[in-house]
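Written below as structure tokens is the structure these notes are about.
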Amino acid sequence: MYNNDIIRIENLHVTTATQVILKDINLKIPRNRITVILGPSGCGKTTLLKCLNRLTDLHPQLQVSGKVWIDDEDIFQPNVDVIAVRKKMGLLSQRPYPLPMSIYQNVAYGLKMQGIADKHTIRERVQHYLEEVGLWKEVKDRLHSPASKLSIGQQQRLCLARGLAVQPEIILADEPTSALDPISSKKIEEKFLELKSDYTLVLVTHILRQAKRLADHVIFMYLGEVIEQGTPQEIFEHPQTTILREYLKSGH
Amino acid sequence: MNREKWIEILSEKWMLLATLLMCMLPLSMGIGLLIESMPLLQQYRLGSLIRNSAWSPAEGKFGMISFIVGTLWVTGLSLCMAAPVSLLVSIYVTQYAKPWLMRTIHIVMDILAGIPSVVYGVWGVLVIVPWISQKLAPTFGYSSSGYCILSGGLVLAVMSIPYILHLQIEIFRTIPIELKEVSLSLGATYWETIKHVLLRQARRGIIASVGLGISKALGETIAVLMVVGNVPQIPENIFQAGYPLPALIANNYGEMMSVPHYLSALMFASLILFLIICLFNSVSHWIIYKINRI
Ligand SMILES: Nc1ncnc2c1ncn2[C@@H]1O[C@H](COP(=O)(O)OP(=O)(O)OP(=O)(O)O)[C@@H](O)[C@H]1O
Ligand SMILES: [Mg+2]
């Protein structure tokens, strides 16, 4: 059965001992579309993304309940192959965290972990994805120096290349352009629009104009809850709640 | 000129002075030891002192090689035992264990670190020495009194593990969790993440922690002295007695009678120990420096 919604979330709650981080989230995320998540800082956007590939497992203080289906597989079932779930998804985290290795190895790492051993293939893909994010020219002469020596913006593009190189089905991008100049941002946005035909993208951003340019579906969150969701037209032109209206007004 | 600027200059000068004093300390210690060893060094050739194995102060024989070899053996053995054990424990405790186990380990470490050296020595004499002489050595086809360099290394390892472990746990705890998230979301398993990312990120710290642990172990005297046998010979296997430099100094200082050059020889032994530690530290710094550039 072909389902149009690649991710379905039902009654998702995430709490710590003292705080409710996500409250009763119900969402459907359409395949081959760009879904944009908006919301003020601290409302739980990053946490929501982390639930989608079970990185919440790493944080024992987070209690997760509810259901998340990805390709009709409930990923919080105990017998799920977490590695396989994570391989489907590429997470581009909010801050760039280069792995403690060279620039080249940073991109090659994921490929090796996915079982690609052929050196030639790896080299081609590394170059290809570094070109995609517009980093190749800047680093081609120092591929084997530490990635940590790059500037923050360069690191962010490197992390982008690293995440794209493993060719996940779903790309979870947490403010992927927050440290980039307008020209690099634009390149990345174009890249995303192009990726849409083969991938599903979930994008967190604080830039409203970027959201408008990219979104097929918009989700607005506030204090751990989904307040509104719909097409960009519905959200940006006809906001229903006062919170969203306020948010959009101050965003301009 | 205004006041702030003067204060600025003055405080900078003070800090510089304090730093210089710090740097002078080891140097002055080394020079002091060298001056004290001069009487011996004027009488004997340096090369023959170091190469010779005969130790008999009453007959004027001050060969040092057995003590140097004994020191290296005991330290090397303890390193081989302490480094892997503490690395495994620190990885397990920080990456797999539940929080209560972490707390327990911390308590255990504090207790172990607080036990006086002499108690470790007694434990070594009562437990390790008989075990080696009755069980371990016969198993490998050797006969041993149990007072041997292996006992020394083992006691030293047990003493340095809490110290090394403490440093390593801190190192693993300071690695940002996001780094693990990155590796996992690229499709690595948990173990691959530990192997390729965490150990790599921590390697400098791991080497430094082992280096510090060893430098400390080199100076641990009492416990080792009680179990190592204190026979001035070059041990042929780990079940034979040895005589590390710290034990030599501690055993004989104050009992030199009026044997000529005896005091000077002990100072020379201290100087060698001092140099070994310096050398060891330089090597570990050099390794860290090398790693830094990769
Ligand atoms: N591991 C954790 N342990 C405890 N609290 C957490 C944890 N992770 C997130 N939180 C809390 O959950 C709330 C939401 O955090 P989250 O990072 O998801 O916000 P966000 O919407 O991504 O914000 P921003 O736009 O600033 O990135 C915050 O109040 C944060 O303190
Ligand atoms: Mg966030």
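The values are calculated or read from the model by the stated rules, or taken from the named source; none is laboratory data. These numbers were taken from a predicted model, which means no experiment stands behind them. Here Cβ is always computed from backbone atoms with ideal geometry, including for glycine, and neighbour counts include all displayed protein chains. For the accessible areas, the whole protein counts, side chains as well, though only heavy atoms, and no ligand, DNA or RNA atoms are used. Shrake-Rupley method; radii C 1.70, N 1.55, O 1.52, S 1.80 Å.
Using a Gaussian network model of chain A in which every pair of alpha carbons under 10 angstrom is joined by a spring, one finds that among A:Met221, A:Met89, A:Met101 the greatest mean-square fluctuation is at A:Met101.
Amide H to amide H distances under 5 Å link B:Gln233 with B:Tyr243, where only residues 5 or more positions off or on other chains count and H is placed in the peptide plane. Protein heavy-atom accessible surface, 1.4 Å probe, per residue over segment A:97-167: 44 Å². Comparing mean-square fluctuations of A:Ile75, A:Ile235, A:Ile116 from a GNM of chain A with C-alpha springs under 10 Å, the top value falls on A:Ile116.
Of all segments of chain B bounded by GluC sites (Glu not before Pro) found in a DSSP loop with no more than 10 other C-beta atoms within 10 Å, the longest spans B:1-235. Between A and B, roughly 2100 Å² of accessible area is buried in total, ligands, DNA and RNA not counted and the probe set to 1.4 Å.
Extending 7 Å from the Cα toward the beta-carbon at both A:Asp5 and B:Glu8 defines two label points whose distance is 6.3 nm. Projected onto their three principal axes, the Cα atoms of segment A:97-167 cover extents of 30, 22, 20 Å, largest first. Between B:Ile35 and B:Ile222, the contour length at 0.36 nm per residue exceeds the alpha carbon distance by 64.7 nm. Of the residues making up segment A:92-106, those losing 30 Å² or more of accessible area when the isolated chain is joined by the remaining protein chains, with a 1.4 Å probe, are A:Tyr97, A:Leu99, A:Pro100, A:Met101.
Note on the protein assembly as shown: Kirkwood radius taken over Cα pairs, Stokes-Einstein applied at 20 °C and 1.002 mPa s, translational D equal to 76 µm² s⁻¹. Can you bin segment B:1-132 into rounded, prolate or oblate? Criterion: square roots of the alpha carbon gyration tensor eigenvalues sorted a ≥ b ≥ c, rounded for a/c under 1.5, prolate for a/b above b/c, oblate for the rest. It comes out oblate by the Cα gyration axes.
Rolling a 1.4 Å probe over the protein heavy atoms of segment A:211-252, with every protein chain left in place, gives an accessible area that is 48 percent carbon and sulfur. Here the accessible area of chain B is 68 percent carbon and sulfur, with a 1.4 angstrom probe and all protein chains present. Given R0 = 30 Å, the distance between the Cβ atoms of B:Asn52 and B:Ser28 translates into a calculated FRET efficiency of 0.55.
Residues in segment B:281-290 carry Karplus couplings, in order, of 4, 4, 4, 5, 5, 5, 4, 4, 4, 4 Hz; the curve used is 6.51 cos²θ - 1.76 cosθ + 1.60 with θ = phi - 60°, and Gly or Pro positions show x.
Note on B:Leu101 and A:Thr18: with the Förster distance fixed at 30 Å, the Cβ-Cβ geometry gives a FRET efficiency of about 0.80.
Its relative contact order, with pairs defined as Cα atoms under 8 Å and 6+ residues apart, puts segment A:97-167 at 53 percent. For segment B:65-293, the relative contact order works out to 30 percent when only alpha carbon pairs closer than 8 Å and six or more residues apart are counted.
Each principal axis of the Cα cloud of segment A:1-137 was taken in turn, and the coordinate range along them, longest first, works out to 46, 38, 29 Å. Accessible area per residue for chain B, computed on protein heavy atoms with a 1.4 Å probe, is 53 Å². How would you classify segment A:29-98 from its alpha-carbon gyration tensor, with a ≥ b ≥ c the square roots of the eigenvalues: rounded for a/c under 1.5, else prolate if a/b is greater than b/c, otherwise oblate? It is rounded, given that a/c, with a ≥ b ≥ c, falls under 1.5. For chain A, the ratio of Cα radius of gyration to the globular rule of thumb 2.2 N^0.38 Å stands at 1.02.
Which shape class applies to chain B: rounded if a/c is under 1.5, otherwise prolate when a/b exceeds b/c and oblate if not, where a ≥ b ≥ c are the square roots of the Cα gyration tensor eigenvalues? The shape class here is oblate. Per-residue ellipticity at 222 nm computed for chain B from its helices equals -22500 deg cm²/dmol, with DSSP H segments shorter than 4 residues left out and the rest contributing -39,500 (n - 2.57).
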